[in-house]
Amino acid sequence: MSRRELFVLTLKGLLAWLVLSGLVVFFGDSLITGLFPLLKAVMISMAPDLSPGLKLVESAQSQLDASIELSAWVLRPVYLNASHFIPPQTVLKSSAHLLHSFVPMVIEGSILLIWPVQGWRQRLWLLGLGLLAAVLVIMATLPAQLLGKLEISFQDIAESGINPRQVPWFVDWMVFCELGGRWLLGIVAAWLCIQLQRGLSRV
């Protein structure tokens with residue numbers, strides 16, 4: 001690849017990133033509320049002792065500061081340690097920044113929009129697979145982030161007593177995502193879509 005081709009490809013990538021970022025700013029709230037039933041189902045499977053409720057909280061200062069708020073109703077006592085537990089009917093809350101949740105989707109979409117293909121059919125296949133993969137990535141990251149913040153908030157209490165509970169597995173997954181794993185998942189999702197599209201093209 002020549003320097004000029006690399007320069008053009010970089011410009012295309014920046015343009016795709018800007019377009020997708022703009023779409024997320026204007027339509028991200030509608031997209032995430034449409035995914036609320038799926039997000040709740042994933043959270044129930046991860047934390048069956050909680051009944052999750054989700055809502056979108058708009059910021060009075062800026063549209064860019066909207067957040068997704070989780071209100072989790074405790075159904076059964078949640079064990080922390082030998083002398084502490086969270087009683088039923090307690091409401092636990094956490095939140096996640098809306099635009100931050102779409103970072104993997106923007107990264108993945110930017111790659112797929114500029115990836116060279118032969119014809120518009122392959123492009124449509126690639127974008128369709130990309131949309132499905134983006135939803136799966138959000139399902140794999142956002143519930144863990146919201147539930148993980150809840151768990152971290154009272155993990156110090158658990159470890160202050162005798163026989164503290166084990167840290168739930170999704171807390172480690174949340175930390176991985178927050179330390180850059182979210183970006184990596186977007187790249188991996190794009191790579192998988194490209195490989196699958198190539199396989200379908202040969203059929």
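The values are calculated or read from the model by the stated rules, or taken from the named source; none is laboratory data. This structure is a prediction, so every number in the text was calculated from the model and none was measured. In this analysis, Cβ positions are derived from the backbone assuming ideal geometry, glycine residues included, and neighbour counts consider all displayed protein chains. Areas reflect the complete protein model, heavy atoms only, side chains present, ligands, DNA and RNA absent. Shrake-Rupley method; radii C 1.70, N 1.55, O 1.52, S 1.80 Å.
Structure above, values below:
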{"read-out": "Rounded, prolate or oblate (a/c below 1.5 giving rounded, otherwise prolate when a/b exceeds b/c) for the range 141-203 by Cα gyration tensor", "value": "prolate"}
{"read-out": "Cα-projected label distance for L11 with L192, points at 7 Å along beta-carbon direction, nm", "value": "3.4"}
{"read-out": "Amide H partners (placed H, <5 Å) of G53, local residues excluded", "value": "S71, A72, W73"}
{"read-out": "Amide hydrogen neighbours beyond the local backbone of T90, cut-off 5 Å, H modeled", "value": "V74"}
{"read-out": "Neighbour net charge for H100 - beta-carbon separation under 12 angstrom, K R +1, D E -1", "value": "-1"}
{"read-out": "Kyte-Doolittle at least -1.0, axis length at least 20 Å by Cα - qualifying DSSP helices, the chain", "value": "3-34, 120-159, 182-202"}
{"read-out": "The range 53-203 - accessible surface per residue (Å², probe 1.4 Å)", "value": "55"}
{"read-out": "Under-5 Å amide H pairs with S95, H placed in peptide plane, nonlocal only", "value": "L70"}
{"read-out": "Rounded percent of accessible protein surface that carbon and sulfur make up, the chain, 1.4 Å probe", "value": "67"}
{"read-out": "Net charge dipole size for the chain [Lys, Arg +1 and Asp, Glu -1 on Cβ; Debye, nearest 20]", "value": "860"}
{"read-out": "Label selected from (i) 9, 34, 35, 19, 4, 0; (ii) 8, 29, 30, 19, 10, 4, 1; (iii) 8, 34, 31, 17, 8, 2, 0, the criterion being P(r) over Cα pairs in 10 Å bins from 0, in percent as computed here", "value": "(ii)"}
